[in-house]
Structure formats: structure tokens, C-alpha cells
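One structure below.
The values are calculated or read from the model by the stated rules, or taken from the named source; none is laboratory data. Since the model is a prediction, treat every value here as computed from it, not as a measurement. Methodologically, a virtual Cβ is constructed for each residue, glycine included, from the backbone with ideal geometry; neighbour enumeration extends over all protein chains shown.
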Amino acid sequence: MTGSEAAVSPAHATDLDREYSPSSRVTDLDVHLARYATDSARARADLPAHLDLPCGPLPEQRLDLFPAPDPHAPLHVFVHGGYWQELSKAEAAFAARDFVAAGISFAALGYGLAPRHRLRALTASVGDSLRRIATGRARLPVTPRAVHLGGHSAGAHLVASALLDAADRDEPGLFASATLISGVYDLEPLRHTYVNDALGMDAAEAGECSPLRRLPAALPPLVVALGANETDAFAAQHRRFVAAARAGGTDVTDLVVPGRHHFDLPFDLADPATALGAATLARIRCDTR
């Protein structure tokens, strides 16, 4: 046992478990999880779609694409949450109808999950998929003039990691913007929670895979959003990430949305009648490249 692990008392571990359990703030979790699935199924039924396309060499690197009528329309690629160990692209197309109605193509990205995959590996595979999409190496049936990213919870972490990888590679124009919803950006606290039962992170992996440890860096314009009814831990992660991103010169729209929590906020992603949807669509529409 390391010194940092020994310092976590049982009472503190219980507090951390609660703080990093978003469902502790909701009483109807199953309703929202069911809506992810039903809204995604409705999108697949109602919209033209290219389903289960490859976007990398690994079998898990797949996406579902919902093209806008214009094949050169901007593309929004969404990365689902589930603490890197649950859900899939099948439940991640719930925003497709709103994006296509706005003239924006949409893709729901799949990736390998823990415990089968270590966090380093799955983070790298998501970054690889996103780079392939943005550079055209994924050979999609559309040629978007710009690629925008979105991610929820663990997906926000994965998108932030991909943005930082692009910054490290000096590829500032690879992604046009990103929307990060209810993300976890410093993974060290998660090592001491139930979440790590499947991840098996040690201190080195948690540090290496933490976007907050890699900031500040110049990133594309961001919308960083949080529901007002989130735990204190998620609120603190949000504040720290916004501050660190801005310290690197990144243009950040900081949203804390009243009346929303961890599980219902994603439904606003491209709804122009909501604060999150309006901000996300504005970021995409202001891109003139």
C-alpha cells in the first residue's frame, strides 16, 4: 500500500465514493439511462444513418454516423460516459436529431471499456479514432469542413485528453471546438473510490491520464458545462479545469446550468432552446474555416 493510499481513512473513502457517485444526487437514474437508449433508437429509426463504421484498427473503434444533407457540413463527434466501464455508442446518439436538424452531421463514438482495457489504452484508442476522423483517415462517407467534439462525464475526460494530445503534436487546427459536460479531469481522487475497482489505476497511471496535470495548453474553443445539481467533487473538477484552460489562453464558455444534474444535462447538447445547446451550436456555427 502506498503512502497516499494509507492516508485515506474508511470514513474519507466513503465520502469520496459518494462525491464521485453522480447518482447520489438523483432519484430517477433509470429514467435517464432509459431515455439515452430510446432517444438513440429513435434517431436510428428516423434519420439516414451509417451504422457501425470502423474508425481504427481495433474492433472497438467504431462509430454510428448521422449525416446532414450537406456532405461537407460540420461534424460533431460525441464520446459517451459511463466511468470508462459502461454504456456504448448504442446509447450515445440521443442528440443526433437536434444536430441534423441544425444542419450538422453527428457521430456517436464507441471505444473499449474497463476492465478489459486499461485506462491508458482506451484513452489512446479514443484519441486515435478522433484523429482518424479529423484527418480523413477514417474514410467516412462525408467530408466535413470542420470536426467538433463533445463528451459527457468519462467522455469529457477522453475528449480533453484528445485535445491535449493534439496540442502536444502541434496540431492546433485538428479539432474546431469541443463541449465538455460534467467531466472528471483529475483522476487521482478516483483511485480511492469504487470506480477504481474496474480501472485498477495506480498513482502513475492516474497522473499520466489526468488532463489537469497537462494544462495549461492552448486548446480550441471550449464549452465546459455542469449541472447545478452535481456533487461538490464534480463542481470542483469543473472549476479547476475551466481555470487551468483559461490560464493557457483557451476561449472557454463556462456554464453551470440551473435545474440540471449529471444525467439530464446531456439531453440539452444541441437543443437551441437551452443554454448548453445554444452555446454548443454557436461554437460550431462561428467556425468559418
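Could you say whether any residue in region 148-156 is touching a residue at least 12 places away in the same chain (Cβ under 8 Å), farther than 24 Å from SER21 by Cα and in contact with a Phe, Trp or Tyr (Cβ under 8 Å, 6 or more places away or on another chain)?
Looking through region 148-156, at least one residue is touching a residue at least 12 places away in the same chain (Cβ under 8 Å), farther than 24 Å from SER21 by Cα and in contact with a Phe, Trp or Tyr (Cβ under 8 Å, 6 or more places away or on another chain).
Which ones in region 210-243 are among the small types (Gly, Ala, Ser) and under 25 Å from ARG118 (Cβ atoms)?
SER210, ALA217, ALA233
Quick grid of which residues meet (1) without any contact (Cβ under 8 Å) to a residue 24 or more places away in the chain; (2) surrounded by fewer than 24 Cβ atoms within 10 Å (Cβ to Cβ); (3) β-branched (Val, Ile, Thr):
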position	(1), (2), (3)
VAL242	yes, yes, yes
ALA247	no, yes, no
THR253	no, yes, yes
PRO258	no, yes, no
HIS261	no, yes, no
LEU265	no, no, no
ASP271	no, yes, no
THR274	yes, yes, yes
ALA282	yes, yes, no
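When you go through (1) touching an Asp or Glu at 6+ places or on another chain (Cβ under 9 Å); (2) touching a residue at least 40 places away in the same chain (Cβ under 8 Å); (3) over 25 Å from LEU75 (Cβ atoms); (4) not charged (D, E, K, R) one by one for LEU212, which number turns out not to apply?
Here LEU212 meets the rest and fails (2).
Take the conditions within 30 Å of ASP197 (Cα to Cα) and either out of contact with any strand residue (DSSP E or B) (no Cβ under 7 Å at 6 or more places or on another chain) or not in a loop (DSSP other than H, G, I, E, B) (or both) and apply them to GLY112. Does it pass?
Here the answer is yes, as GLY112 does meet what is asked.
Considering only region 193-240, state which residues are part of a strand (DSSP E or B) and either within 17 Å of LEU149 (Cβ to Cβ) or in contact with a His (Cβ under 7 Å, 6 or more places away or on another chain) (or both).
Of all residues in region 193-240, those part of a strand (DSSP E or B) come to 222-229.
Passing the criteria: LEU222, VAL223, VAL224, ALA225, LEU226, GLY227, ASN229.
Quick one: which residue in VAL79, VAL126 is in contact with a strand residue (DSSP E or B) (Cβ under 7 Å, 6 or more places away or on another chain), touching a residue at least 60 places away in the same chain (Cβ under 8 Å) and hydrophobic (A, V, I, L, M, F, W, C)?
Only one candidate passes the filter, namely VAL79.
State which residue is farthest from THR231 (Cα to Cα) when the search covers only region 159-192 and only residues that are touching a Lys or Arg at 6+ places or on another chain (Cβ under 8 Å), at pLDDT 95 or above and in a loop (DSSP other than H, G, I, E, B).
LEU174
Can you name the residue in region 172-209 that is more than 25 Å from ARG116 (Cα to Cα), in contact with a helix residue (DSSP H, G or I) (Cβ under 8 Å, 6 or more places away or on another chain) and not β-branched (Val, Ile, Thr) and, of all such residues, is surrounded by the most Cβ atoms within 10 Å (Cβ to Cβ)?
By that ranking, first place goes to LEU180.
Condition test on ASP170, is it at positive phi and of a type in the set (D, E, K, R)?
For ASP170, the condition - at positive phi and of a type in the set (D, E, K, R) - is met.
Considering each residue of region 131-155, count those that are out of contact with any helix residue (DSSP H, G or I) (no Cβ under 9 Å at 6 or more places or on another chain) and either assigned to a helix (DSSP H, G or I) or among the polar types (S, T, N, Q) (or both), and give that number.
Residues that pass the stated criteria total 5.
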